[in-house]
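Notes follow the structure.
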Amino acid sequence: MKLKNKTAIVTGASKGIGAAIAKELAKEGCDVLVDYNSDEKGALEVKDFIENKTGRRAVICKADISKYPEVRSMIEKAVDCFGRVDILVNNAGIALWTSVFEITEGIWDKTLDTNLKGAFFASQLAAREMVKVGGGVIVNISSLGANGAMDCLIPYVSSKGGMTLLTKGLAVELAPYNIRVNTVAPGTIDIERNRKTDPNYPDDWVPFIPMGRVGLVEEIAKPVVFLCSDDSNYITGQNIYISGGETDYIPMPRSDFARKR
């Protein structure tokens, strides 16, 4: 086990990528606080998996990451339950698809408060606990949207672009305390939220992915475990895209005329 007897907080862990990360951390030896905002049933299912399939401890916590008092209560609950915080995964996030002329102050604030402000204050408060035990790891879950514009997602890509520099700033300031901070930026991943948002998901997206398929949640969770483990002890301040080559592709017609087979 890469993370035996470590403790972890995973925000937005009731479903999708967050749930997969929470489960994978537990498989590698972590006790996990499973944060959720609205999906208590999903959080309980993740807790049940951790306790019954891995033998590790799990506790659920309802916390809206956009609200500082709730973030503070979440960190306090982790300390009360586990005695320490070794790992924080800032996964909670929202994407409100809205055209530029329809974006309201409420949409802007809700997106930035959840995706960026929440990640900062969770990191600040968790880092204070990590200092007490000699160090720790923070992994921020970003997006393909940190690499460039996405149609009808200006607040979202702004928040994820900000997360890139948030990660670097935290990494530099926290390095003397033996706290490493990195970002994992998923590309197009097969999760329920994407299928509900886009009726043509994932078929419309596949032509833009060089590997010819969308990613799986497990393909995000395993690199997160790597970044949380001693295998990555000298890696900090990095933004790692996991996108099947999507960030590297300039959309253009296929150049079949140049292929001999």
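Under a 10 Å cutoff between Cα atoms, tell me which one of C61, C30, C152 has the largest fluctuation in the Gaussian network model of the chain.
C152
Let me check I've understood the local charge: for I242, count other residues with C-beta under 15 angstrom from its C-beta, Lys and Arg +1, Asp and Glu -1. What total comes out? Each step should come with its number before you reach the end.
On the way: positive: K160, R213, K222; negative: E24, D190, E218, E219, E246, D248.
It works out to a net charge of -3.
Say R0 is 35 Å: what FRET efficiency, to the nearest 0.05, do N200 and R84 get from their beta-carbon distance? Could the numbers behind the result be given before it?
On the way: r = 46 Å, r/R0 = 1.30.
Efficiency, rounded to the nearest 0.05: 0.15.
For segment 1-26 and segment 83-125, what is the separation of their Cα centres, given in Å?
The two parts, judged by their Cα centres, are 19 Å apart.
Please list, in chain and number order, the residues 5+ apart from G136 or on another chain whose amide H is under 5 Å from its amide H, with Hs placed from the backbone.
HN-HN under 5 Å from G136: I179, R180.
Just want to confirm a number: the relative contact order over the chain, from Cα pairs under 8 angstrom separated by 6+ residues, in percent. Can you show the working numbers first?
Working: 509 pairs, mean separation 46.7, N = 261.
Relative contact order here is 18 percent.
Hey, got the dipole for segment 7-236? About the Cα centre, +1 on K and R Cβ, -1 on D and E Cβ, debye to the nearest 20? Display every interim value, and only then the final one.
Working: 25 positive and 30 negative charges, 90 e Å.
Charge dipole, segment 7-236, about its Cα centre: 440 debye, nearest 20.
Taking springs between alpha-carbon atoms closer than 10 angstrom, which of I17, I250, I87 fluctuates most in the Gaussian network model of the chain?
Evaluated over the chain, the most mobile residue of the options is I250.
Compute a Gaussian network model of the chain, connecting alpha carbons closer than 10 Å, and tell me which residue from T114, T11, T98 fluctuates the most.
Most flexible of the set in this elastic network: T98.
Rank these for me by crowding, D48, D35, going from fewest to most other beta carbons within 10 Å. Walk me through the intermediate numbers first.
Working: D48 11, D35 31.
Taking fewest neighbouring Cβ atoms as first place, the list is D48, D35.
Cα centroid distance between segment 137-184 and segment 185-244, in Å?
15
With 10 angstrom as the radius, rank V137, V85, V157, V172 by how many other C-beta atoms surround their C-beta, starting from the fewest. Walk me through the intermediate numbers first.
Details: V137 27, V85 24, V157 20, V172 12.
Fewest-to-most ranking of V137, V85, V157, V172: V172, V157, V85, V137.
At 0.36 nm per residue, and after removing the present C-alpha to C-alpha distance, how many nm does the segment from E40 to E76 gain when stretched out fully? Walk me through the numbers on the way to the answer.
Details: separation 36, 0.36 × 36 = 12.96 nm, distance 1.94 nm.
Working it through step by step, the gained length comes to 11.0 nm.
Which aspartates and glutamates have a Cα less than 19 Å from the Cα of K67, not counting those fewer than 8 places away in the same chain?
D35, D39, E40, E76, E105, D109, D113
Non-local amide H neighbours of G215 (under 5 Å, H modeled in plane, Pro and chain starts lacking H): which ones?
Residues meeting the amide H criterion: T188, I189, D190.
If we count every other residue with Cβ under 14 angstrom of L3's Cβ, Lys/Arg +1 and Asp/Glu -1, where does the sum land?
Values: positive: K2, K4, K6, K23, K27, R56, R57, R84, R180, K222; negative: E24, E28, D31, D86, D230, D231.
That sum, taken over residues with Cβ under 14 Å, equals +4.
To make sure I understand, if each residue's beta carbon is the centre and we count other beta carbons within 10 Å, what order do S38, S66, S255 fall in, fewest to most? Present the calculation step by step, with values, prior to reporting the outcome.
Working: S38 10, S66 21, S255 7.
By the 10 Å Cβ count, ascending: S255, S38, S66.
Every number here is computed from the coordinates shown, using simple stated rules; none is lab data. Values in this document were obtained by computation on a predicted structure and should not be read as measured data. Note that each Cβ is placed from the backbone with ideal geometry, even for glycine, and that neighbours are counted across all protein chains shown.
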